[in-house]
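One structure below.
The values are calculated or read from the model by the stated rules, or taken from the named source; none is laboratory data. Since the structure is predicted, the reported quantities are computational estimates derived from the model, not experimental observations. Glycine gets a Cβ as well: all are built from the backbone with ideal geometry, and neighbour counts include every protein chain shown.
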Amino acid sequence: MHKRVLSLALLALGMAPALAETTNPDPRKWDEVLAQARGETVYFNAWGGSQNINAYIEWAGEELKKRFGVTLKHVKLEDTASAVATVVAEKAAGRDEAGSVDLIWINGENFASMKGQGLIMTPGWAEQLPGWAYVDAESKPTIRTDFTIPVEGLESPWGMAKLVFFYDQARTEVAALPQDADGLLAWARANPGRFSYPQPPDFIGSSFLKQVLAEKIEDKALLQKPVDEANFAEVTRPLFDYLDALNPLMWRSGRAYPQNYPAMKQLLADSELDIIFAFNPAEASSAIANGELPDTVRSFTFLGGTLANTHFLTIPYNAAAKAGALVTANFLLSPEAQARKQDPAIWGDPTVLALAKLDAEDRARFDAIDLGIATLRPDELGPAFDEPHPSWMERIETEWKRRYGVGN
């Protein structure tokens, strides 16, 4: 979920042609995949900044070993772009087989970069997995389109995300909560120093910039196309006018920023901030369950809508353990793994499955989940904004750093 792209130079969208391969395992022949996967070690490159997520991946590894004879090694990343850079370097060195990265937790700019450079295992394998039968691709459009880029079966959906805000009702009255970006600016004027966001290019901080731009831009359709440098300044003027006004009202007067979401969450726990946000509707309940936030924290969202997307798993074209990576991706799609992941006491990440497609026993797994006192119901989450084309984020982050980066 979270992370910077190595390069967006290929995204006009003349995507590079996929590499021709004849030795990739075929998920339609699942018994053969299972047999090939047994004994393989899968190096899973995934964000390692959350203890509960790391514990979930550890559980998945134990189950994969026990059930399928697959060893899962979690390569803990701060930035997904480092995994992409590894694959790029291996391709440049001619290492087209036995690569060091087998599976990547990915979405957005990094997927666009890998697809554009022909770095993903082909042909489209995700929709051939046995677990795809339960995926809710019909009502969740971001499962087949990742930041405007067609997925085409090149990554397997893992979880859903929607931007949600949190506050501590012991300190902040619900009647005072902002209902949109303009309301947040007004709230910050009345409560200086009590709001901040992680410094871009942190994924959560950059998402806040996209949220404001999506609210303030006159023609949202422009964001679904690659950036046009000729009108970039004009299109983004409302965003930077907004940030100019917000910046001096923030925590430490905008002279410093939380490093990432966990740091921002700690500032709420320490009563230094009064409003924070995350890309997981159950994050507040999960943090309460894990003792990271007080049980007086609650969630809210903007009435007009907030950003939403899907996060995925993908397999590099030169992965050494392709069969094991397929088995891992398929297991993480299973109702058992998806229900465990959705439990706020474990992680709280919303499922990509359509519950109506499940049998009674598997539906019961989800029905039994206590979503927690701070989790909004689906009908309370409000409308979803589409993610912009990946090129917008790179360009906006560059301009943000020029204007507000620490040391400027």
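Observations on the model:
- Residues that are at pLDDT 95 or above, closer than 23 Å to Ser286 by Cα and of a type in the set (D, E, K, R), drawn from segment 48-92: Glu58, Glu62, Glu63, Lys76
- Selected residue [surrounded by fewer than 19 Cβ atoms within 10 Å (Cβ to Cβ) and under 23 Å from the mean Cα position of the chain (by Cα)] from Pro248, Pro262, Pro258, Pro238: Pro262
- Candidates are the residues of segment 147-174 that are at pLDDT 95 or above and among the acidic types (Asp, Glu); the one that is surrounded by the most Cβ atoms within 10 Å (Cβ to Cβ) is Glu155.
- Considering the conditions (1) touching a strand residue (DSSP E or B) at 6+ places or on another chain (Cβ under 8 Å); (2) outside any loop (DSSP other than H, G, I, E, B); (3) modelled with pLDDT of 95 or more, Ala133 is excluded by exactly one of them, (1).
- Lone qualifier among Asn318, Asn280 - being polar (S, T, N, Q) and at pLDDT below 95: Asn280
- Scan of segment 175-209 for residues that are among the hydrophobic types (A, V, I, L, M, F, W, C), closer than 19 Å to Asp241 by Cα and in contact with a Phe, Trp or Tyr (Cβ under 6 Å, 6 or more places away or on another chain), ordered by number: Ala188, Phe208
- Test for Val88: is it part of a strand (DSSP E or B) and surrounded by fewer than 24 Cβ atoms within 10 Å (Cβ to Cβ): no
- The residue that is farthest from Ala308 (Cα to Cα), among those in segment 331-359 that are in a helix (DSSP H, G or I) and among the polar types (S, T, N, Q), is Gln338.
- The residue of segment 180-201 that is nearest to Gly405 (Cα to Cα), among those that are surrounded by fewer than 17 Cβ atoms within 10 Å (Cβ to Cβ) and touching a helix residue (DSSP H, G or I) at 6+ places or on another chain (Cβ under 7 Å), is Gly193.
- Selection of helices (runs of 4 or more DSSP H) fully inside segment 195-277 by the criterion of at least 2 residues being in contact with a strand residue (DSSP E or B) (Cβ under 6 Å, 6 or more places away or on another chain) returns 203-216, 261-269.
- For segment 48-73, the set of residues classified as in a strand (DSSP E or B) and surrounded by fewer than 21 Cβ atoms within 10 Å (Cβ to Cβ) consists of Thr71, Lys73, listed by residue number.
- Cβ-Cβ contacts under 8 Å between residues 6 or more apart (or on different chains), taken from a first residue in segment 231-259 that is within 10 Å of Pro192 (Cα to Cα) and touching a residue at least 40 places away in the same chain (Cβ under 8 Å) to a second residue that is among the small types (Gly, Ala, Ser) and part of a loop (DSSP other than H, G, I, E, B), are listed as Leu249/Gly193; Met250/Gly193; Met250/Ser196; Trp251/Gly193; Trp251/Ser196; Arg252/Gly193; Arg252/Ser196; Ser253/Gly193.
- Sole residue being under 30 Å from Asp96 (Cβ atoms) and out of contact with any helix residue (DSSP H, G or I) (no Cβ under 7 Å at 6 or more places or on another chain), chosen from Ala263, Ala320: Ala320
- Here Leu249 does not fit the description of being under 24 Å from Ala308 (Cβ atoms), modelled with pLDDT of 95 or more and either in contact with a Lys or Arg (Cβ under 7 Å, 6 or more places away or on another chain) or in the same structural domain as Pro150 (by TED's automatic domain parsing) (or both).
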